[in-house]
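One structure below.
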Amino acid sequence: MAKPQFAVIEGDHGANFSPCDVCFNHDGSQVVGVISDGIQESKGSCRLAFWSAESGVANSGRADPLPGVCHAFKPSPTPGLTALLTERQLVFLDTGDGTAVRSVKLPSKPFLSRLAWSGDGCWVATNLKQVEVWNASSGEHFQSVKTLLEPAGFLPGMPWKLVLGGNTAVQCLAAGSQSPVRVLGLPKGKGYCWDHALSPDGRVLISASETGTILKTDTTTWKPEMASGTRSSCGFEFAFSPDSIRVAIVGSSGTVLIWDVVNHKPWLKWSRTNFHSVRSPCFSPDGQRLVVSLEGHVHILDFRGGARSRAVEVAQPASGLLQCVTLYGAESQMDQAGFDTPLNPKPIKCQTCRMPDLDHVASPYKVGRGLEKPVDLAIAEAGNFLVRATARQVLEAIAPGQCHFVPTAHAKTGQPTPWFLAVPLHTQVTATPSQKRERCPACGEPWCFHYQTESQPGEDWSSPIAPHDIFKARQWGCHLQPFKGWDRDRPCIFPRLLYFSLRLELLLKRLRLRGLNRSGSCKGLPTAADEAWVKDQLARLAQSKTPATGSTKTESAEEWFQQLLARHTKKAPAAFDFKALEKREGCR
């Protein structure tokens with residue numbers, strides 16, 4: 001079957017337009033998104049934002065915030081209401097303009113943040129510490145059932161029957177009953193974590209496991225059909241088209257899978273480079289468009305004839321400046337004795353606040369575990385990184401004067417190792433703590449700073465613009481903690497962030513120099529100028545005879561593996577009396 005034609009409309013995004021959940025309004029003219037504000041749920045709030053469904057242009061958001069951080073957001077299958085679930089209340093919004101129609105206080109906090117509507121839009125089920133059923137028309141609480149299963153939807157007919165899904169079975173709960181009835185057992189060996197959704201007409205139940213197994217179950221016979229779809233490590237979210245013919249399935253894989261319910265096979269798969277998580281799928285009332293939240297970015301898949309794609313233009317760096325990305329490595333760092341225990345502790349720089357000297361570098365630099373890893377670069381403390389000789393030669397050739405290289409020695413034996421510590425010579429402030437933060441009277445450093453949550457938008461610190469190909473952040477970070485006094489132990493400091501330019505990251509990939517990976521929050525793609533620079537640098541390296549490939553080629557990896565086997569192989573095999581074992585166990 002030919003891939004369906006469609007356009008992709010990207011919505012405006014930024015600090016004020018980064019929704020975790022989205023849906024269409026009652027006539028499909030606008031996309032409504034929920035943006036949660038605040039770090040702590042108990043003190044947080046959420047507000048609504050709006051985009052044109054035709055152009056993706058952001059409109060003004062809702063001025064008055066709603067109390068609590070959003071846990072789930074789902075429109076009714078029939079035009080009318082949209083349910084918003086926070087840890088404090090269940091709010092019913094007008095799907096047309098987003099105004100609150102009614103709200104009810106929750107008896108407990110949400111458990112797994114699921115919402116399920118009945119096909120006629122009269123009933124809503126949530127899973128708090130137990131499953132709760134609400135009358136959407138009046139907001140009255142109708143029924144509670146103690147179960148760990150999640151609401152998947154309501155079967156048609158009166159009185160209603162609620163379908164509940166779990167990891168081993170599917171059950172049905174009749175209105176007024178406290179005892180769900182098992183109707184479907186899930187296949188063993190096809191997944192441990194299952195998610196479920198019932199079609200608006202109540203005739204089909206779709207179930208998906210983390211391994212990519214998808215079951216289509218006819219609710220009149222409860223006989224499932226099995227197929228293979230897409231994997232997800234953190235569960236799935238579903239959205240059926242109004243006619244129940246297709247269902248959108250999204251998860252942590254970053255892929256939007258639209259499933260053909262009738263033929264029980266994929267209809268479309270779509271993803272975007274460098275985006276890894278998709279949430280909150282929702283079909284338009286006419287079923288011709290699908291909106292999703294792609295890591296806080298609104299994307300509309302438009303299947304109507306003549307639809308045109310729209311991408312948000314990203315401002316290019318000015319002349320002489322480069323787009324950069326944050327780089328990370330393995331958690332088991334070579335310059336650590338254990339988790340967060342450095343082999344090269346930093347001396348105290350300020351005696352008043354006991355701030356360590358983050359710029360101090362021991363020479364030789366001590367390293368320990370993982371020296372045989374078949375990689376060419378590895379992350380180190382304080383925004384520095386480790387390189388093998390090949391990577392050092394490349395960096396000295398294409399980024400001269402941007403790093404200082406320090407020899408390393410084994411922490412136990414003191415013997416030199418084939419690794420060098422690369423210390424970026426340039427620093428840049430990419431995030432700034434609040435002006436209200438307590439600062440040391442001697443050195444001026446803040447008591448604490450959590451740049452991941454305090455600095456908005458995140459692109460400013462995760463993907464900054466800089467004049468250098470390699471640099472590290474001037475600021476440091478830590479968890480937010482109340483000020484205790486400068487004579488008390490300060491919060492544990494995070495390492496500084498390490499940054500490479502997009503073009504340098506691309507060059508290292510082309511050279512197969514591995515070991516560092518960009519942060520998931522960095523979405524930038526190389527430009528034509530970056531591609532041209534990489535091509536020129538590859539030609540220069542070839543002419544200068546600088547090694548053009550890393551140590552991760554097959555021969556090196558095989559050699560490393562053989563050395564690993566030699567070190568850990570027992571000198572003499574253990575002796576086992578297999579005949580006695582077979583006789584005792586009664587088997588061969």
Answer from SER284, SER280 - the residue that is polar (S, T, N, Q), open to solvent by less than 20 Å² (accessible area, probe 1.4 Å), within 20 Å of GLY229 (Cα to Cα) and modelled with pLDDT of 90 or more: SER280
Where a residue in segment 525-538 is open to solvent by less than 50 Å² (accessible area, probe 1.4 Å) and its partner, wherever it lies, is of a type in the set (Ser, Thr, Tyr), with Cβ under 9 Å and at least six apart: ASP530/SER501
In segment 291-322, residue nearest to the chain's Cα centre (by Cα) [restricted to those that are more than 24 Å from GLY520 (Cα to Cα) and crowded, with 16+ Cβ neighbours inside 10 Å]: ASP302
Hey, PRO441 open to solvent by 50 Å² or more (accessible area, probe 1.4 Å), part of a strand (DSSP E or B) and over 30 Å from GLU295 (Cα atoms) or not: no
Inter-residue pairs, beta-carbon under 7 Å, first closer than 22 Å to THR432 by Cβ and in segment 482-511, second surrounded by fewer than 18 Cβ atoms within 10 Å (Cβ to Cβ) and among the charged types (D, E, K, R), 6+ apart: PHE483/GLU438; ARG490/ARG354
Filtered residues of segment 375-410 (kept if assigned to a loop (DSSP other than H, G, I, E, B) and either over 21 Å from LYS509 (Cβ atoms) or not aliphatic (A, V, I, L, M) (or both)): ASP376, ASN384, PRO400, GLY401, GLN402
Filtered residue count, segment 233-255, keeping only those that are out of contact with any Lys or Arg (no Cβ under 8 Å at 6 or more places or on another chain), open to solvent by less than 30 Å² (accessible area, probe 1.4 Å) and not in a loop (DSSP other than H, G, I, E, B): 5
Subset tally (residues that are touching a residue at least 40 places away in the same chain (Cβ under 8 Å), touching a strand residue (DSSP E or B) at 6+ places or on another chain (Cβ under 8 Å) and not polar (S, T, N, Q)) for segment 183-208: 13
LEU148 in a strand (DSSP E or B) and farther than 14 Å from ALA83 by Cα: no
Spans of strands (runs of 3 or more DSSP E) in segment 188-228 with at least 1 residues touching a Pro at 6+ places or on another chain (Cβ under 7 Å), buried (at least 19 other Cβ atoms within 10 Å of the Cβ) and at pLDDT below 95: none
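For (1) in contact with a Leu (Cβ under 8 Å, 6 or more places away or on another chain); (2) of a type in the set (D, E, K, R), each residue gets a yes or a no:
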site	(1), (2)
TRP486	no, no
ARG490	no, yes
PHE494	no, no
LEU504	no, no
LEU508	yes, no
ARG512	no, yes
LEU516	yes, no
SER521	no, no
Set GLY306, GLY329: member being at negative phi and of a type outside the set (A, V, I, L, M, F, W, C): GLY329
Some residue of segment 454-463 being in contact (Cβ under 8 Å) with a residue 12 or more places away in the chain, of a type in the set (Phe, Trp, Tyr) and either in a strand (DSSP E or B) or farther than 21 Å from LEU321 by Cβ (or both): no
Hits in segment 351-366 - residues which are open to solvent by less than 80 Å² (accessible area, probe 1.4 Å), in a strand (DSSP E or B) and either modelled with pLDDT of 95 or more or closer than 19 Å to TRP419 by Cβ (or both): TYR365
Complete set of residues in segment 14-27 that are buried (at least 17 other Cβ atoms within 10 Å of the Cβ) and either farther than 14 Å from GLY56 by Cβ or modelled with pLDDT under 85 (or both): PHE17, SER18, CYS20, ASP21, CYS23, ASN25, HIS26
Any chance GLY157 is open to solvent by less than 70 Å² (accessible area, probe 1.4 Å), part of a loop (DSSP other than H, G, I, E, B) and either on the phi > 0 side of the Ramachandran plot or touching a Phe, Trp or Tyr at 6+ places or on another chain (Cβ under 8 Å) (or both): yes
Residue tally, condition under 23 Å from the mean Cα position of the chain (by Cα), farther than 24 Å from THR453 by Cβ and open to solvent by 40 Å² or more (accessible area, probe 1.4 Å), over segment 469-520: 2
Check on GLY305, out of contact with any strand residue (DSSP E or B) (no Cβ under 8 Å at 6 or more places or on another chain) and not basic (Lys, Arg): yes
ILE258 in contact with a Lys or Arg (Cβ under 6 Å, 6 or more places away or on another chain), buried (at least 17 other Cβ atoms within 10 Å of the Cβ) and farther than 30 Å from LEU502 by Cα: yes
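Yes/no matrix, rows are residues, columns are (1) in a loop (DSSP other than H, G, I, E, B); (2) touching a strand residue (DSSP E or B) at 6+ places or on another chain (Cβ under 7 Å):
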position: PHE420; (1), (2): no, yes
position: PRO433; (1), (2): yes, yes
position: CYS448; (1), (2): yes, yes
position: PHE471; (1), (2): no, yes
position: TRP486; (1), (2): yes, no
position: ARG496; (1), (2): yes, yes
One residue from ALA442, ALA411, ALA466 being within 23 Å of ASN274 (Cα to Cα), touching a residue at least 24 places away in the same chain (Cβ under 8 Å), of a type in the set (Gly, Ala, Ser) and in contact with a strand residue (DSSP E or B) (Cβ under 7 Å, 6 or more places away or on another chain): ALA466
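The values are calculated or read from the model by the stated rules, or taken from the named source; none is laboratory data. Please read all numbers here as calculations on a predicted model, not as lab measurements. Positions of Cβ are backbone-derived with ideal geometry, glycine not excepted, and every protein chain shown enters the neighbour counts. Ligands, DNA and RNA are excluded from the accessible area calculation, which covers all protein heavy atoms including side chains. Shrake-Rupley method; radii C 1.70, N 1.55, O 1.52, S 1.80 Å.
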